[in-house]
Amino acid sequence: MRIPMKLKADHLPGGPEEISYPPEALGQSLALVDCNNFYASCERVFNPKLNGQPIVVLSSNDACIIALSNEAKEFDIKVGEPLFEKRQIIEKNNIVMCSSNFNLYGDMSRRVMDLLSGFISDIEIYSIDEAFLNFSGCANLDKGKDITEYARTIRQTILKCTGIPVSIGLARTKTLTKIASKLAKKSKKAGGVLNLIDSPYLDKALEKIHVVDVWGVGIKSARKLIEKGIRNALQLKEASDSRIRHTMGINGLRLVYELRGISCHSLDNCPRPKKGILCSQSFGRKVTDIAELKQAITAFVANAAERLRKQKSAARHLTVFMLTGFSEDKQVEKNQSVSIKLPTATNLSSELIRQAMKAVEKIYQNGQSYKRAGVRFDELVPSEQTQISLFEQSDSDKTSRLMETVDRLNDKLGSGALRYGTQGAMHPWKAKSEMVSPRYTTCWDELAEVLAN
DNA sequence: TCTGGGGTCCTAGGACCC
DNA sequence: TCTGGGGTCCTAGGACCC
């Protein structure tokens, strides 16, 4: 099931009536299941003493507030605010502070998602605490069972089995389910489930939603919209196509169609590998020593490379970035970065670290202090297709040793696991190097060893 | 040497999401 | 003193080719 509209960036339709939609664009029954205050709820599952108490969950270095329980939301605290600004309120009101524990949250998330998959097979896990479900064609609902009741059953099951409270919004498009779940969370009457599918109250619901709370509208776009008199989701839904296209681009137009019940974002139920992998961290203090920076970057590269190998990818491109932190006048951070096109795609830590160190040396300025740094791998390719240039043709001794290794590994892994050959036929200008294409990442280390000798 | 236009690829930066 | 750590997609502009 693909996106029904050819709403490409270069295509500006005159209006929805000019396009014919396949039935699934208009008639889907979707749900968003959203865990309430997820991190705070997880902390409560493992420490029931926290039930009923106001809680905030803090980021690494305990620098920022990244989640709040309902009780904590009563105070003047918002997600994303730095702790030092709110410390007084927190201490005065005996709000409990928890340092974040992402292993725990990931584990709880898996439990919730497993339960959901048991109810509905067509599911997209959208984030650590959210999943979209597609009820269209769901066998359990064929016998006229009420979809709202079914959603309540799901909700109760999750709560009973995991201890995590969730809200469920039902609607025709993803954007509308987001709104439904938001309202379900707020309304006491809804009991955690709100169904806006073909609802006569849909427009009333949209009117209650401020534009900045619409999925896909950030602070920048919201400001522009408000300037034009568009304050709520209903006004956004009724705005003219050309106006939206002009102020918010193609994504804005997709979003408005979704508000009108025309699905532009289909369910993505087959998780694709990441297109880029990054690892970065704030130091929590100023770092000026290049040795210390190198040590940190080495750790980041090792972490990111592991994730790279886990999804069976290799990177062709590497970027190291270092930020100086906020300047005295609270203006922007200075972001310095160096990108390196790798000679061949790789997911080998040793090679990636070597390249990253070169980048650090390029960026580093004596006397400059850095507050944050990171590394990013881009242009990822499946590692089965990865080719590494292993040796020069002239080095016949190394060649024969390598061929022996390849044969041995093929014996171990099954023939064809690795192959070797020259690239010369395809790319005459590279005729000097020979290539080996490992199809199994487990071979990397052994190959690397041969290379090193 | 001058002139034009169309097309593609790459990159940096912006905006948004959780 | 103290401002998280991941991601995705789109766009504009420059370089380059024909």
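Some points to look at:
- For the stretch A:261-276, the condition of being within 13 Å of DNA strand C (Cβ to nearest atom), closer than 21 Å to A:Tyr370 by Cβ and surrounded by fewer than 18 Cβ atoms within 10 Å (Cβ to Cβ) holds for none of the residues.
- Meets criteria (outside any helix (DSSP H, G or I), modelled with pLDDT of 95 or more, under 24 Å from A:Lys186 (Cβ atoms) and away from DNA strand B (no atom under 15 Å from the Cβ)) for A:Val45: no
Residues are listed down the side, and each one gets a yes or a no for (1) more than 19 Å from A:Phe132 (Cβ to Cβ); (2) modelled with pLDDT of 90 or more:
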{"site": "A:Gly15", "(1), (2)": "yes, no"}
{"site": "A:Glu24", "(1), (2)": "no, no"}
{"site": "A:Ala31", "(1), (2)": "no, yes"}
{"site": "A:Pro54", "(1), (2)": "yes, yes"}
{"site": "A:Ile65", "(1), (2)": "yes, yes"}
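- Considering A:Glu238, A:Glu292, the condition of being surrounded by fewer than 15 Cβ atoms within 10 Å (Cβ to Cβ), within 26 Å of A:Ser29 (Cβ to Cβ) and more than 14 Å from DNA strand C (Cβ to nearest atom) is satisfied by A:Glu238 alone.
- Residues within the stretch A:350-365 that are under 14 Å from A:Ala291 (Cβ atoms) and among the hydrophobic types (A, V, I, L, M, F, W, C), tallied: 2
- Enumerated helices (runs of 4 or more DSSP H) restricted to the stretch A:212-326, each holding at least 3 residues that are over 25 Å from A:Ala345 (Cβ atoms) and within 16 Å of DNA strand B (Cβ to nearest atom): A:219-227, A:233-237, A:241-259
- Criterion (over 30 Å from A:Asp122 (Cβ atoms), among the hydrophobic types (A, V, I, L, M, F, W, C), modelled with pLDDT of 90 or more and under 18 Å from the mean Cα position of the chain (by Cα)) met by exactly one of A:Ala299, A:Ala305: A:Ala305
- A:Ile244 meets the conditions (1) open to solvent by less than 30 Å² (accessible area, probe 1.4 Å); (2) away from DNA strand C (no atom under 12 Å from the Cβ) in every case but one. The failed one is (2).
The values are calculated or read from the model by the stated rules, or taken from the named source; none is laboratory data. Just so it is clear, the structure is predicted and the values come from calculations on it, not from any experiment. As a convention, Cβ positions derive from the backbone with ideal geometry for all residues, glycine included, and neighbour counts pool all protein chains shown. With ligands, DNA and RNA removed, areas are computed over all heavy atoms of the protein, side chains included. Shrake-Rupley method; radii C 1.70, N 1.55, O 1.52, S 1.80 Å.
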